[in-house]
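Asker: This is the structure I want to talk about, given as structure tokens.
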Amino acid sequence: MMPSTQKSERIHRGRFNRNRPADALLAALAVLVGLSITLAVYWTLVRIEAQLKQQMSHSLQTVVATTREGVGVWVDSIKERVSIIGRRSEVISDVEAQLKTEHEHLRGTRPLRDLQRFMSPVFDGYKYDFSVVAPDWIQIASQNDKDVGKKLPRNMDQWPIESALKGQTSVGLSYLAGSNPALTVAAPIRDSTNQIIAALVFYLDPKQDLNVLTHVGRIGNTGETYIFDRSGHMLTTSRFQTDRTLYVRDESAGSDIGAPLTKMAQSALSGNSGVDVEGYPDYRAMYVFGAWDWDPVLSVGIATEIDRSEALTPYRSIRALTLLMLAAIGGTFAVLLAGFKRRNRILSSNYAFQEAIKARQETLAVVSHDLRAPLNNVLLCSSMISNTNLDPNVSKLTGMIDRSSRQMEKLISDLQDVSEMEMGRLTIEKKQFEIPSLLESIRDTFAQAARSKSIELEIAHPDKIPRLHADPDRIIQVLSNLVGNALKFTPNGGKIAVRVSVFPREVRFEVQDTGPGIAEESRSRVFEQFWKTKTSGKRGRGLGLYIAKMIVERHGGKIWVESDGRTGSTFFFTIPLEENLESVI
């Protein structure tokens with residue numbers, strides 16, 4: 001027969017080898033799932049980024065379109081006001097008077113003063129100038145007397161004036177020497193015959209109104225909307241810099257000398273509209289998202305931009321949260337994978353362990369069965385020999401044989417009980433019985449052994465005690481183990497007491513002795529299998545209390561021990577009472 005340890009090792013190796021393909025398959029599955037989750041997360045993040053950029057593109061283009069529309073409305077209102085002024089009868093009469101005056105006498109005339117007084121409150125709040133330009137391009141009237149009688153400067157945008165002299169109110173930007181760009185608004189002046197006799201021109205500073213329009217279109221904390229001219233100079237204020245140029249700044253040199261225009265400015269100055277949500281450096285050398293358009297009427301560009309870092313803040317937050325969740329899922333999956341692998345190993349080891357226990361129990365059952373038959377023959381022969389008239393020495397030897405055989409029989413019985421308990425096959429045959437008769441059998445069993453050591457054996461129980469519904473043989477086995485242990489450890493002249501107490505729901509048995517006691521650190525282990533106290537020496541096998549505990553717990557009761565560690569111990573166990581049992585004496 002193969003030894004149980006070798007058998008269990010072979011079983012364990014077999015189970016472990018069979019689990020290797022399963023572990024490899026589980027690892028491959030984990031890698032596949034992890035790769036799938038990673039690709040899904042990557043695809044999701046790419047889609048989220050694309051959608052966010054698409055929404056940002058739409059927002060930027062909307063701001064540019066709205067700003068351009070607002071500028072158009074503002075320009076139309078200015079043109080309408082100038083056109084109305086040009087049709088006023090008093091303006092027309094004063095202009096006609098100036099046209100009839102020689103050029104060298106245009107200054108200081110009454111019509112000029114009337115025009116200057118009339119024009120002063122027209123555009124209150126604007127930094128402006130005005131002039132009336134005759135068809136020969138001579139300024140026959142102006143806010144400044146020194147310009148009267150002179151031709152218009154060459155650096156002025158003359159297209160609006162040309163259009164006005166042709167009968168159309170027009171606007172444009174002009175750059176007068178030493179001044180900021182001015183919005184040139186020109187409207188025709190007609191006489192009573194509807195002939196165009198001059199052009200009424202206003203030069204307005206557009207910064208204030210344009211700033212209001214562009215500041216409304218700022219997005220976030222770093223976004224700005226601005227208007228710029230053909231030279232790449234901003235016509236509106238910037239929230240970041242004061243030089244207001246659209247050349248890419250060289251941070252190392254600290255200037256934009258020799259630097260190219262920004263991508264946005266180059267496209268807009270070419271007359272194109274566009275949007276960029278991938279990022280390009282702006283005039284601060286900061287990467288931004290932007291949209292732009294070119295207004296051919298004013299010859300200006302309109303742009304709105306926002307720092308790329310701020311525009312992508314929602315995406316970065318989502319990405320960080322997603323990666324954190326992915327890491328948490330990956331960590332959880334790794335822990336689960338490790339747990340599954342550990343579980344497989346534990347199951348494999350547990351299976352081998354169970355197989356080893358089964359092999360041991362089978363061996364124990366076979367050995368117990370094979371030993372019990374010859375042992376019974378030994379007991380029978382010993383009993384027959386002791387009943388004959390023998391020499392005293394022979395009788396002494398037969399007595400020793402009888403005692404040793406009965407001890408061996410008790411050991412075999414205990415081993416069989418332990419085996420049955422471990423396999424969950426401990427049999428309990430309950431029936432009603434009288435407790436006093438059970439106690440009397442205990443007295444009869446241990447009376448002779450107690451007298452041989454001059455130990456007082458006390459049996460006590462109440463006068464009225466209910467029948468107990470339990471396995472009487474197993475209860476006797478428990479009491480026999482407890483009393484037998486008490487006899488072993490109680491010195492000569494000591495006392496052992498077996499008492500029974502009745503409670504509403506249970507019956508309590510106790511066995512008290514006057515032995516050496518049990519130390520505190522040992523009391524929690526006395527019911528363990530094969531465990532013995534240090535003071536027990538070689539006495540006992542460490543099975544009696546373990547068997548007693550299993551029997552009591554199978555009955556639904558409890559067992560424990562109390563001792564001060566110096567003198568005496570008391571073992572208690574309880575057996576539940578079943579309801580409606582008849583009480584007897």
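A short reminder: the numbers here are calculations on the coordinates, not readings from a lab. Given the structure is predicted, the values throughout are model-derived calculations rather than measurements. All Cβ positions, glycine included, derive from the backbone under ideal geometry; neighbour counts span all protein chains shown.
Asker: Between Asn194 and Glu278, take the C-beta separation as r, use R0 = 45 Å, and let me know the FRET efficiency to the nearest 0.05.
Answerer: Step by step, r from the Cβ atoms, then E = 0.20.
Asker: Assuming 0.36 nm per residue, please report the length gained on full extension of the stretch Ala447 to Ala28 beyond their Cα-Cα distance.
Answerer: Roughly 143.6 nm would be gained on extension.
Asker: Right, here's the next one. Once the other residues with Cβ under 12 Å from the Cβ of Lys431 are scored (Lys, Arg +1; Asp, Glu -1), what is the net sum?
Answerer: Every neighbour counted, the sum reads -2.
Asker: Through the Karplus equation 6.51 cos²θ - 1.76 cosθ + 1.60, θ set to phi - 60°, convert the phi angles of region 56-69 into ³J(HN,Hα) values in whole Hz; use x for Gly and Pro.
Answerer: Per-residue couplings from phi come out as 5, 4, 5, 5, 5, 5, 5, 4, 4, 5, 5, 5, 5, 5 Hz.
Asker: Additional query: What is the set of long-range amide H partners of Ile219 at a cut-off below 5 Å, with H atoms built 1.01 Å from backbone N?
Answerer: Here the answer is Glu224, since their amide H atoms fall under 5 Å of that of Ile219.
Asker: Separate question: Calculate the spin-label point distance for Glu104 paired with Asn211, positioning each point 7 Å from the Cα along the beta-carbon direction, and give it in nanometres.
Answerer: 4.7 nm
Asker: Using the Cα atoms of region 426-584, I'd like the radius of gyration and the largest Cα-Cα distance, Dmax, both in angstrom.
Answerer: When restricted to the Cα atoms of region 426-584, Rg and Dmax are 15.3, 47 Å.
Asker: In percent, how large is the relative contact order of region 87-205, given Cα pairs closer than 8 Å and 6 or more residues apart?
Answerer: RCO, region 87-205: 24 percent.
Asker: What's the whole-number percent of alpha carbon pairs in region 87-205 lying beyond 17 angstrom?
Answerer: In whole percent, the share of Cα-Cα pairs in region 87-205 beyond 17 Å is 51.
Asker: Relative contact order for region 78-152: what is it in percent, counting Cα pairs under 8 Å that are at least 6 residues apart?
Answerer: Relative CO of region 78-152 lands at 26 percent.
Asker: Given a Förster distance of 25 angstrom, what is the FRET efficiency for Ala50 paired with Arg230, based on the Cβ-Cβ distance and rounded to 0.05?
Answerer: For R0 = 25 Å, the calculated efficiency reads 0.10.
Asker: Sticking with the crude label model, points 7 Å out along Cα→Cβ, report the distance from Trp159 to His469 in nm, one decimal please.
Answerer: 11.2 nm
Asker: Around Arg523, under 12 Å between beta carbons, what's the net of Lys plus Arg minus Asp minus Glu among the other residues?
Answerer: Residues close to Arg523 contribute a combined charge of -4.
Asker: If each of Glu440 and Asn180 carries a label point 7 Å out from its Cα toward its Cβ, how far apart are those two points in nm?
Answerer: 12.5 nm
Asker: Please give the length that would be gained between Val122 and Met325 if that part of the chain were fully extended, namely 0.36 nm times their separation in residues minus their C-alpha to C-alpha distance (nm, one decimal).
Answerer: 66.5 nm
Asker: Hey, with R₀ at 56 Å, roughly what FRET efficiency would Leu347 and Tyr287 work out to, going by the Cβ-Cβ distance, to 0.05?
Answerer: E between Leu347 and Tyr287, to the nearest 0.05, is 0.45.
Asker: Next question. In the neighborhood of Leu336, defined by Cβ-to-Cβ distances under 12 Å, what is the net charge if each Lys or Arg adds +1 and each Asp or Glu adds -1?
Answerer: It works out to a net charge of +3.
Asker: So for region 426-570, averaging the separation of alpha carbon pairs under 8 Å that are six or more residues apart and normalising by length, what relative contact order in percent results?
Answerer: Across region 426-570, relative contact order equals 23 percent.
Asker: Right, something else. How would you rank 470-476, 319-325, 214-220, highest first, on the average number of other Cβ atoms within 10 Å across their residues?
Answerer: Highest to lowest by the protection proxy: 470-476, 214-220, 319-325.
Asker: For Tyr42 and Thr66 in one chain, what is 0.36 nm times their gap in residues minus the Cα-Cα distance, to one decimal in nm?
Answerer: 5.1 nm
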